[in-house]
Amino acid sequence: MPNLFRTTAFKLTAVYLVVFALFAGVLLGYVAWNARRLLDDQIRSTIDAEIQGLAEQQRLGGIRRLVNVIERRSGAPGASLYLVTTPVGERIAGNVEALPPGTLDRPGEAEIEYARSSETVDRPSRAIVRIFMLPNGFRLLVGRDVEERERLGIVIRRAAGWSLLLVFVLGCFASWFVARRVLKRIDDMTGTAQSIMDGDLKGRLAISGTGDELDRLALNLNAMLDRIGELMAGMQQVSDNIAHDLKTPLTRLRNRAEEALRTATSPDELRTALDGSIDEADNLIRVFNALLMIARLETGRIQDSMDVLDLSEIVSGMAELYEPLAEEAGLSLVTDVAPGLRVSGNRELIGQALANLIDNALKYGQPAEGGQALVTVAARQTDGEILLSVADHGPGIPEGDRGRVLDRFVRLDASRSKPGFGLGLSLAAGVVRLHGGQLRLEDNAPGLRVVIALPIGEAGAIGSGPVEAEPVDTASPAPLSASTGSANPVGLPSL
């Protein structure tokens, strides 16, 4: 219960209750004031009509006729208040027994206490009266009792009291009910969060299905937890893959150094062993640089501003650089590039992604006997996007594995006999996501077609502002392709 009173829901409901009570009180007061004013106006209208009629009687028949009329009217049920006095204040006729002193000396309207008879002097009533001076000093008082107004006021005050009491009771119950309901859901969320912190990473916040703000919060938090789970699973997979796939080159590096220490007998042999160790170390450095670049691509933390680029020129230039490597591999590299294709992006990153795709096609695109030894690089514009594709006629990738090969360090069994670390497609996919595009693996019948879909022009820029990319370290000796072991013509790590 103490927690209940400290909840935001209870406090807000209590504030709404107070505001509503004040509003209801002001509204009832306004109604009562208008009702009182309306009754007073009716009383004054009645008094004015009575005075006009009596004045006419006095003008026609003098004071005697006026007295007779007042005597006749005074005895009627529900009659108005009448009183006629002499100039010295002696009562001549009427149904008023007692008045406050000096009342008849002040002509005009007044609200006074009065008594109709000697029996009610100790219980005076209130009335609105008007004093009228007659000829020869006689005085006439005409008035109406305000008992109806007082009864109406009592009714309104009683209704206001009961209404406010009912509003208060219902408001307190509503505050308790709403706060209790909200507190229960918050407690459930807190319990789930505690279980997640205790290690149950599969726990998720309950959804009531009402679509309220707590449901929306729970959905967003569940989505965040799913994303965190994916990232943690990816980190675990990367760690396992690093331990598995980098164990071989590290072991090879150690064995080569150990063999050199054990068997080298001349400076030339030691130099040869050191050169081999340096090559292995460079391979490992490129792998870790690629991992760092993929992580930065996934988080969008890069430095050089994106520009509007001529993609046609980039693709044509990249294909021209790779033509000698394609000839060495026994393949023909052809291009089908439409002119004037423009995208918003980072030249080095797009070049890196394209280099990885072409390098993979040259390495894995060897056709079966009698097949077409051809790698096609194409770029064309469709509605709202630019499609960049690299197609080969090799064995391709089974449909069930196409989503998996985009993860880091994933290599299919058929490719483990060739050099590489399984980072090329992952890095290319990260570059494409950074530029707001999509990377798709399709069947080339036979072979594999990798399609990159990029938005046209500045629409490819990620986020709401310029995105920056950290340039790949090219200060080290020209890196070798981890996929083929040949010199990379663009000086970027193709993995």
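The values are calculated or read from the model by the stated rules, or taken from the named source; none is laboratory data. None of the values given here were measured: they were computed from a predicted structure. Every residue, glycine as well, gets a Cβ built from its backbone with ideal geometry; the counts of neighbours run over all protein chains shown. All accessible areas refer to the heavy atoms of the entire protein, side chains included, with ligands and DNA or RNA removed. Shrake-Rupley method; radii C 1.70, N 1.55, O 1.52, S 1.80 Å.
Residues in the stretch 365-391 that are farther than 30 Å from VAL308 by Cβ and open to solvent by less than 10 Å² (accessible area, probe 1.4 Å): how many?
So the answer is 1.
Quick one: would you say SER175 is surrounded by fewer than 12 Cβ atoms within 10 Å (Cβ to Cβ) and modelled with pLDDT under 75?
The answer is no for SER175.
Which one of these is modelled with pLDDT of 80 or more and open to solvent by less than 70 Å² (accessible area, probe 1.4 Å): GLY403, GLY394, GLY457?
That would be GLY394, the only listed residue that is modelled with pLDDT of 80 or more and open to solvent by less than 70 Å² (accessible area, probe 1.4 Å).
Of the residues in the stretch 53-74, how many are open to solvent by 80 Å² or more (accessible area, probe 1.4 Å) and of a type in the set (Ser, Thr, Tyr)?
0
Could you check ASN136 against (1) surrounded by 12 or more Cβ atoms within 10 Å (Cβ to Cβ); (2) assigned to a helix (DSSP H, G or I); (3) not charged (D, E, K, R) and say which number it fails?
Going through the list (1) surrounded by 12 or more Cβ atoms within 10 Å (Cβ to Cβ); (2) assigned to a helix (DSSP H, G or I); (3) not charged (D, E, K, R), ASN136 breaks only (1).
Please work out if GLU348 is surrounded by fewer than 22 Cβ atoms within 10 Å (Cβ to Cβ) and either over 18 Å from ALA429 (Cβ atoms) or touching a Gly at 6+ places or on another chain (Cβ under 7 Å) (or both).
When the stated conditions are applied, GLU348 does not pass them.
Any idea which of (1) open to solvent by 70 Å² or more (accessible area, probe 1.4 Å); (2) outside any loop (DSSP other than H, G, I, E, B); (3) farther than 26 Å from LEU152 by Cα is the one PRO101 doesn't satisfy?
(2)
I need the full set of residues from the stretch 127-164 which are among the aliphatic types (A, V, I, L, M) and touching a strand residue (DSSP E or B) at 6+ places or on another chain (Cβ under 9 Å), in order please.
ALA127, ILE128, VAL129, ILE131, MET133, LEU134, LEU140, LEU141, VAL142, VAL146
Any idea how many residues of the stretch 153-165 are hydrophobic (A, V, I, L, M, F, W, C) and open to solvent by 100 Å² or more (accessible area, probe 1.4 Å)?
Going through the stretch 153-165 one residue at a time, the tally reaches 1.
Residues of the stretch 86-103 being on the phi > 0 side of the Ramachandran plot and without any contact (Cβ under 8 Å) to a residue 12 or more places away in the chain, which ones?
GLY102, the sole residue that qualifies.
Would you mind telling me which numbered condition in (1) touching a helix residue (DSSP H, G or I) at 6+ places or on another chain (Cβ under 9 Å); (2) surrounded by 12 or more Cβ atoms within 10 Å (Cβ to Cβ) GLY229 fails?
(1)
Output yes when any residue across the stretch 281-296 is among the small types (Gly, Ala, Ser), open to solvent by 30 Å² or more (accessible area, probe 1.4 Å), modelled with pLDDT of 80 or more and at negative phi, and no when none is.
Checked against the condition, which is being among the small types (Gly, Ala, Ser), open to solvent by 30 Å² or more (accessible area, probe 1.4 Å), modelled with pLDDT of 80 or more and at negative phi, the stretch 281-296 yields at least one hit.
Could you list, in sequence order, the residues of the stretch 105-129 that are outside any helix (DSSP H, G or I), open to solvent by 60 Å² or more (accessible area, probe 1.4 Å) and over 14 Å from GLY94 (Cβ atoms)?
Those that are outside any helix (DSSP H, G or I), open to solvent by 60 Å² or more (accessible area, probe 1.4 Å) and over 14 Å from GLY94 (Cβ atoms): ARG106, PRO107, GLU109, GLU111, GLU113, VAL121, ASP122, ARG123, PRO124, ARG126.
In the stretch 20-52, what residues are open to solvent by less than 100 Å² (accessible area, probe 1.4 Å), closer than 17 Å to LEU165 by Cβ and either outside any helix (DSSP H, G or I) or not small (Gly, Ala, Ser) (or both)?
LEU27, LEU28 - these are the residues of the stretch 20-52 that are open to solvent by less than 100 Å² (accessible area, probe 1.4 Å), closer than 17 Å to LEU165 by Cβ and either outside any helix (DSSP H, G or I) or not small (Gly, Ala, Ser) (or both).
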